[in-house]
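Only one structure is covered here, and it is reproduced in the block below.
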Amino acid sequence: MEKVSVIVPVYNNEKFVETCIWSLCRQTYQNLEILVINDGSSDNSGQILERMAEKDERIRLIHQKNAGVSAARNKGVELAEGEYLTFVDGDDYVSTDYIEKFYACAKKRKAELVICGVTYVEEDGRILKKIQPGEYRRFEKEEWAARISAVGSHFYKRSLWEKYRIRFQEGERGEDMPISLLFSALCDKICTLPQCGYYYVQHS
């Protein structure tokens, strides 16, 4: 099994970060490095993460001054060593077979990018809605890269990030969409995964 890098930006997520990180530690796919970037949190997120890192050696915890989610993700991309990478925000979480299904799809389809669905949930876990992608076909049905543009529901061949020196634009809002559109143009093989294993927590 090849290593998969999961990049987790964290900023003042003390209420949610433990759920997030444990959802990764409990993955059925075990060969992970969990790159947690504590982006200058002023709450107890840093202390919580320190305790968790002591319990699982796959967690690589990096503390930095607050620079925004794009800078935190970029730090993770710079440090990542896996053959594949994905992102999970510090207040979200994923199903236990999330990485396993991504990896199996990427290998079977020889895909450079795999896109899965998203489950929107309340803070208490109540499901609000699901968005599940249909089939992706080059030049015919390409809309899923834009309709599900959140990088958290995308699984990338990491070599493309380095080949083209792709990074998030720091200091800008809507940082996911440019990355999604760029990869939809660069990738020779993209496939969709009909599951909604990324849980996107909605806050009041």
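Results for (1) open to solvent by 40 Å² or more (accessible area, probe 1.4 Å); (2) of a type in the set (K, R); (3) not in a strand (DSSP E or B), shown as yes or no for each residue.
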residue: G134; (1), (2), (3): no, no, yes
residue: A145; (1), (2), (3): no, no, yes
residue: Q169; (1), (2), (3): yes, no, yes
residue: L181; (1), (2), (3): yes, no, yes
residue: D188; (1), (2), (3): yes, no, yes
residue: P194; (1), (2), (3): yes, no, no
residue: Y199; (1), (2), (3): yes, no, no
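With respect to the conditions (1) surrounded by 14 or more Cβ atoms within 10 Å (Cβ to Cβ); (2) without any contact (Cβ under 8 Å) to a residue 60 or more places away in the chain; (3) more than 17 Å from the chain's Cα centre (by Cα), S149 lacks only one, and its number is (3).
D188 satisfies every condition listed in (1) out of contact with any helix residue (DSSP H, G or I) (no Cβ under 8 Å at 6 or more places or on another chain); (2) without any contact (Cβ under 8 Å) to a residue 60 or more places away in the chain; (3) under 18 Å from E83 (Cβ atoms); (4) not aliphatic (A, V, I, L, M) except (2). Please determine, by comparing only the residues of region 28-44 that are without any contact (Cβ under 8 Å) to a residue 60 or more places away in the chain and not in a loop (DSSP other than H, G, I, E, B), which one is farthest from E100 (Cα to Cα). Only one residue fits best here, namely D39. Confirm whether G82 is open to solvent by less than 20 Å² (accessible area, probe 1.4 Å) and in contact with an Asp or Glu (Cβ under 7 Å, 6 or more places away or on another chain). Considered against the rule, which asks whether it is open to solvent by less than 20 Å² (accessible area, probe 1.4 Å) and in contact with an Asp or Glu (Cβ under 7 Å, 6 or more places away or on another chain), G82 comes out as yes.
Condition test on E112, is it out of contact with any Ser or Thr (no Cβ under 7 Å at 6 or more places or on another chain), over 30 Å from K163 (Cβ atoms) and among the charged types (D, E, K, R)? Here the answer is no, as E112 does not meet what is asked. Given (1) outside any loop (DSSP other than H, G, I, E, B); (2) among the hydrophobic types (A, V, I, L, M, F, W, C); (3) buried (at least 20 other Cβ atoms within 10 Å of the Cβ), where does A53 come up short, assuming only one miss? All conditions are met except number (3). Cβ-Cβ contacts under 7 Å between residues 6 or more apart (or on different chains), taken from a first residue in region 82-102 that is closer than 17 Å to K130 by Cβ to a second residue that is open to solvent by 30 Å² or more (accessible area, probe 1.4 Å) and hydroxyl-bearing (S, T, Y), are listed as D92/Y199; D92/Y200; Y93/T19; Y93/Y199; V94/Y199; D97/T28.
Each residue in region 22-45 was checked for being open to solvent by less than 20 Å² (accessible area, probe 1.4 Å) and out of contact with any Asp or Glu (no Cβ under 8 Å at 6 or more places or on another chain), and 8 of them qualify.
The values are calculated or read from the model by the stated rules, or taken from the named source; none is laboratory data. Everything numeric here is computed off the predicted structure, so don't read it as measured data. Cβ coordinates were reconstructed from backbone atoms using ideal geometry, including for glycine residues, and neighbour counts include every protein chain displayed. Areas reflect the complete protein model, heavy atoms only, side chains present, ligands, DNA and RNA absent. Shrake-Rupley method; radii C 1.70, N 1.55, O 1.52, S 1.80 Å.
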